[in-house]
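J.: Here you go, one structure.
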Amino acid sequence: MTNIRDLAKMAGVSVTTVSRVLNNHPYVKEEKRKAVLDAIKQSNYQPNINAVHLSMGKTFLVGVVVPYIDHPYFASLMKGISHEALAHNYNLVLFQTNYKEERELDALQMLKQKQIDALIICSRASSWPLIEEFLPYGPIVLCEDTRGKKVSSTFVDHYQTFIYALEYLIQKGHRKVGYSIGRKTGTNSKFRELAYKDFLQKNHLPFDPAHVFDNCLYFEDGERVVDTIASMDDPPSALLVTNDDVAAGIVTCARNRQISIPSDLALIGFNNQPIAQIMDITTIEIPLVEIGRKLFLQGIAVEQEISYQEVSVRLIERGTV
């Protein structure tokens, strides 16, 4: 395999001159540049990309941790991340974790070993102490509220967003409001749970654990929610559904069971995915693509200062409330 010393010999120039040509250095005589370029063409020389990256102190790779790649929420985040990666000539290393901590640890180890330049964690199972252990090794950016911690983030205030949606439903006359969630663990889920309980307490409403539906991630989970509600003696009259796909599943199954939406059951979805528009579902619009863009830019920022970026949401009112 040809190396730069071979090129120098073929072109009749020094190794330094070859290096300058390979790095587009401006101060090389034209005849020497041409001789080196001819030698490169004749020998079919290919530079060692790893060595080039090592010399620059970068891999031009950014790791992205997502629990599921087929979930619309994370697909939208990835759309924003990948758009900025392409614009800045970076490649992505994707880690699908299924919320398994050992997979997240694999990603953190790659950061430690300088195999990636930064790590974006879209949703995590790992504890804060584990994340903090790896902060000295490179930029880590999270998609959750990290204010007060030494980790950059772009996030939605899920506490205030939940309060906003709950207050909207109570103004509509609903006194029995439940919600569905992907998982009860996790920072964002904890903020939602706190908002829900604070809201009930403020309005002197009882807490019924049966009105909280867990493990709701996909369209088909909506059928399970409707089946459960149909069997209740005292069902909720309205639901916050933290996923438009699940909301669409609820609407479809409710119609099949002759449950009227919104007369019997009002719904507010989350994220404003295309399915919410198609099925006329009221939803909280969260700018996930924008969040993804911001997460990437925080990861590759030249000045690695800790930054917290909160994004705004808005209610899109349609036919389910």
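J.: List pairs: first residue in the stretch 111-132 and acidic (Asp, Glu), second residue in a helix (DSSP H, G or I) anywhere in the structure, Cβ distance under 9 angstrom, at least six positions apart or on different chains.
T.: 117/111; 117/299
J.: Assuming residue 304 fulfils every condition listed in (1) in contact (Cβ under 8 Å) with a residue 60 or more places away in the chain; (2) open to solvent by 40 Å² or more (accessible area, probe 1.4 Å); (3) under 18 Å from the mean Cα position of the chain (by Cα) apart from one, which condition is it?
T.: (3)
J.: Next question. Could you tell me whether residue 95 is under 29 Å from residue 145 (Cβ atoms) and touching a Cys at 6+ places or on another chain (Cβ under 7 Å)?
T.: No, not satisfied.
J.: Then there's this: Can you tell me which of 276, 266 is over 20 Å from residue 188 (Cβ atoms) and in contact (Cβ under 8 Å) with a residue 40 or more places away in the chain?
T.: 266
J.: Would you please name the residue that is least open to solvent (accessible area, probe 1.4 Å), looking only at residues in the stretch 255-283 that are small (Gly, Ala, Ser) and over 18 Å from residue 71 (Cα atoms)?
T.: Here the residue is 266.
J.: May I ask you to list pairs of residues, at least six apart or on different chains, whose Cβ atoms are under 8 Å apart, with the first in the stretch 174-197 being farther than 13 Å from residue 241 by Cα and free of Cβ contacts under 8 Å to residues at least 24 places away in the same chain and the second being among the hydrophobic types (A, V, I, L, M, F, W, C) and open to solvent by 30 Å² or more (accessible area, probe 1.4 Å)?
T.: Matching pairs, first to second residue: 197/207.
J.: I would also like to ask the following. Starting from residues that are aromatic (Phe, Trp, Tyr) and over 19 Å from residue 247 (Cβ atoms), keep the ones in the stretch 199-226 and report whichever is surrounded by the most Cβ atoms within 10 Å (Cβ to Cβ).
T.: Residue satisfying both the conditions and the ranking: 199.
J.: Scan 85, 75 and give me the residue that is small (Gly, Ala, Ser), assigned to a helix (DSSP H, G or I) and without any contact (Cβ under 8 Å) to a residue 40 or more places away in the chain.
T.: 75
J.: Of the residues that make up the stretch 130-138, is at least one hydroxyl-bearing (Ser, Thr, Tyr), open to solvent by less than 60 Å² (accessible area, probe 1.4 Å) and at negative phi?
T.: Checked against the condition, which is being hydroxyl-bearing (Ser, Thr, Tyr), open to solvent by less than 60 Å² (accessible area, probe 1.4 Å) and at negative phi, the stretch 130-138 yields no hits at all.
J.: Among the residues of the stretch 161-198, write down those that are of a type in the set (A, V, I, L, M, F, W, C) and surrounded by 20 or more Cβ atoms within 10 Å (Cβ to Cβ).
T.: Correct list: 162, 165, 166, 169, 177, 181, 191, 195.
J.: Which condition does residue 125 not pass, out of (1) open to solvent by less than 20 Å² (accessible area, probe 1.4 Å); (2) within 23 Å of residue 308 (Cβ to Cβ), if it passes all the others?
T.: That leaves (1) as the condition not met.
J.: To continue, here is another question. Looking at this structure, is residue 250 more than 24 Å from residue 315 (Cα to Cα) and either in contact with a Lys or Arg (Cβ under 7 Å, 6 or more places away or on another chain) or open to solvent by less than 40 Å² (accessible area, probe 1.4 Å) (or both)?
T.: no
J.: Quick one: in the stretch 83-121, which of the residues that are of a type in the set (Val, Ile, Thr) and under 18 Å from residue 153 (Cα atoms) is surrounded by the most Cβ atoms within 10 Å (Cβ to Cβ)?
T.: Ranking the qualifying residues of the stretch 83-121, first place goes to 120.
J.: Would you mind telling me which numbered condition in (1) touching a strand residue (DSSP E or B) at 6+ places or on another chain (Cβ under 9 Å); (2) under 28 Å from residue 62 (Cα atoms); (3) buried (at least 17 other Cβ atoms within 10 Å of the Cβ) residue 229 fails?
T.: Tallying (1) touching a strand residue (DSSP E or B) at 6+ places or on another chain (Cβ under 9 Å); (2) under 28 Å from residue 62 (Cα atoms); (3) buried (at least 17 other Cβ atoms within 10 Å of the Cβ), residue 229 fails exactly one: (2).
J.: Do any strands (runs of 3 or more DSSP E) lying entirely in the stretch 241-321 carry at least 1 residues that are within 17 Å of residue 228 (Cβ to Cβ), and which ones are they?
T.: Where strands (runs of 3 or more DSSP E) fall fully within the stretch 241-321 and carry at least 1 residues being within 17 Å of residue 228 (Cβ to Cβ), they are 266-270.
J.: Taking into account only those residues within the stretch 1-40 that are polar (S, T, N, Q) and part of a helix (DSSP H, G or I), which is surrounded by the most Cβ atoms within 10 Å (Cβ to Cβ)?
T.: That would be 17.
The values are calculated or read from the model by the stated rules, or taken from the named source; none is laboratory data. As the structure is a prediction and not an experimental result, all values here were calculated from the model. Here Cβ is always computed from backbone atoms with ideal geometry, including for glycine, and neighbour counts include all displayed protein chains. These accessible areas exclude ligands, DNA and RNA; they are computed on the full protein's heavy atoms, side chains included. Shrake-Rupley method; radii C 1.70, N 1.55, O 1.52, S 1.80 Å.
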